[in-house]
1. Working only within segment 538-578, note down all residues that are open to solvent by 60 Å² or more (accessible area, probe 1.4 Å), free of Cβ contacts under 8 Å to residues at least 60 places away in the same chain and within 11 Å of Leu518 (Cβ to Cβ).
2. Based on what the data block shows, is Asp525 in contact with a strand residue (DSSP E or B) (Cβ under 8 Å, 6 or more places away or on another chain), closer than 23 Å to Thr487 by Cβ and open to solvent by 10 Å² or more (accessible area, probe 1.4 Å)?
3. Of the residues that sit in segment 189-205 and are open to solvent by less than 10 Å² (accessible area, probe 1.4 Å) and assigned to a loop (DSSP other than H, G, I, E, B), which one is nearest to Leu303 (Cα to Cα)?
4. Filter segment 454-470 for residues that are among the hydrophobic types (A, V, I, L, M, F, W, C) and away from ligand 1 (no atom under 12 Å from the Cβ); which is least open to solvent (accessible area, probe 1.4 Å)?
5. Within segment 80-120, which residues are assigned to a helix (DSSP H, G or I), more than 35 Å from the chain's Cα centre (by Cα), under 15 Å from Arg130 (Cβ atoms) and of a type outside the set (A, V, I, L, M)?
6. Mind checking which residues of segment 363-419 are outside any helix (DSSP H, G or I) and open to solvent by 50 Å² or more (accessible area, probe 1.4 Å)?
7. Does Ser542 count as polar (S, T, N, Q) and either touching a Ser or Thr at 6+ places or on another chain (Cβ under 6 Å) or within 18 Å of His271 (Cβ to Cβ) (or both)?
8. Here are Glu120, Glu94, Glu105: which of them is of a type outside the set (A, V, I, L, M, F, W, C) and open to solvent by less than 30 Å² (accessible area, probe 1.4 Å)?
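The values are calculated or read from the model by the stated rules, or taken from the named source; none is laboratory data. Note that this is a predicted model, so its numbers are computed, not measured. Note that we place each Cβ from the backbone using ideal geometry, even for glycine, and neighbour counts take in every protein chain shown. In case anyone asks, the SASA skips ligands and DNA or RNA and just uses the protein heavy atoms, side chains included. Shrake-Rupley method; radii C 1.70, N 1.55, O 1.52, S 1.80 Å.
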Amino acid sequence: MAEIRLSGIGVSEGIRMGKAIRYAHGVQNQQFADIAEAGVAQELKRLAEAKEKSIQETEKLIEQAQQTVGTEKAGVIAAQKSILLDPTFCPEMEKLITKKLFSAEKAVEQIVKQVAAIFENMPNEYMRERAADVKDVGSRLLAALTGAKDINLADIREEVILIADDLAPTDTVQLNKKYVLAFATQKGGKTSHTAIFSKTLGIPAVIGIATGFDQVRDGDTVIVDGTGGICIIHPSEATIRSYSEKMAKESKAESAWQAYAAQEAVTQDGHRVEIGANIGTVADARYAVEQGAEGIGLLRTELIYMSEASLPDEETQFNVYKDIVRVMGDKPVIIRTLDIGGDKELPYLKIPKEMNPFLGYRAIRLCLDQKPLFVTQLRAILRASAYGRIRIMFPMISGIEEWRSARAIVEEVKGQLRAEGHVFDETIEVGIMVEVPSVAVMAAQFAREVDFFSIGTNDLVQYTLAVDRMNEKIDYLYDHFNPSILTLLHTVVQAAHAAGKFVGMCGGMAGDPKAVPLLLALGLDELSMSATAIRKVKHAVSQMELKQCNALLEAVLKMSTAQDIRLKVDAFCAENGI
Ligand code: PEP
Ligand code: MG
């Protein structure tokens, strides 16, 4: 079979080769191609086979359900069989294949969308819920057509390359690195949380594969090159040889960087920057220490919420925070309060769908609105502060009033704990993420009130440049080297330091070795990143002289385009062995 090369966005470095396994979840939103007229008969045959297979699978499910949940409830699944046998459902798909030359997949997708929309718009709630059955039937038909399996990701027990239309952050955190060698998806931007978590887990990944994605079949041999942003199906002998060499080179570089884990990040002329890790779990904390983290610059607490079926109570959270702090010993741990919303969902919170979730009801806005939830988390964090060096950080602050309200609740909770006789760090520092441009612009005003800042470039870039971090179509516009971003970073660091405040960075830019010279010159006190990036960044710092980085920054701040800045930075990095 001929080799096929698909390009996407490499979001987690590393090269892996293995057998593809297609994950069915989310197949419905894939883009499917049209067919040639000569292919109509073949397409109708594929659809008929998929229908037959789906009927058989549904019958099996009905039998299983009768045994496990009883005949009455099994009726729900029986209704799905009736959808498949409906005299118009599949015939309408056949019409699209013959008349419009749709592929079988595209026809299924179209009809499922139409029929589901009819149910969704019905006034009766019971009927509205039937839309989910129609979509389920659609998923099964598509799975039969593409060879995708509706698998439980956490149960994968053989080495595979996972191929999925899209992975939700909740899917990604379930992946076991031992078995899921790499993954490739059709959707997603480079700072989507799926991308971020793949880096945290150390699973090479290519996402946002815009064209040709439907050509990958279950069982195909696939190479995922997370470094180059390429996915190769049916690699030729020559490609396998050259990629094997590349893999050997990568593992050699990995071992060379190993030595940097135990070292501090110091430039050749003695300037030191603190290196932290972004984590979500106790296991991540252990791995971060192994990789050389000198602290936790960002604990994404939403991962704790995402791994539960309902809101985690104070005790559950307290134990996780305490365990993490204990793993870190005397190293600082910045705990960010719940940052849910955007692409991170908590199904049990039942937040209505929004047109612009990244601009909507999320993070600190939700916490201030749902005060009991916020108080529970703050109580757990404060109680854990008796066991180590914790700092509290609020996400997505956009105005001073919001900061003051959140800060006041911390004081209120401290009062409660005091009255109950709990021990906690009375002088705990409270800071904010700088990820909304309004905060960067007003950094001087905030600096008078907050204890510290941490810049979240993932969101700061999307909000400043009006580029959705999830949208692969406009990924080319998403660039932390954009001059507007560098100007904002400069403003924030200057304002923080003028007020004697600590300013770190925990967005993806901090883990980009090429951004290191500019971040050093900007004067950031700390860089916090996925643990997998630590050794590489420490190596990059060690190769540079602050004096030269300062000169580079001075030149770059005068430039007008991201492209010019990249060229200049690339040349600088090449000269310094980065
Ligand atoms: C950021 O926005 O840069 C950040 C670190 O937060 P998150 O990626 O979790 O939105
Ligand atoms: Mg953010």
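1. Correct list: Asn550, Glu554, Lys568.
2. So Asp525 fits the description; yes.
3. The residue in question is Ser192.
4. Only one residue tops the list, namely Val467.
5. Those that are assigned to a helix (DSSP H, G or I), more than 35 Å from the chain's Cα centre (by Cα), under 15 Å from Arg130 (Cβ atoms) and of a type outside the set (A, V, I, L, M): Lys81, Ser82, Phe89.
6. Gln370, Arg389
7. yes
8. One residue alone meets the criteria, Glu105.
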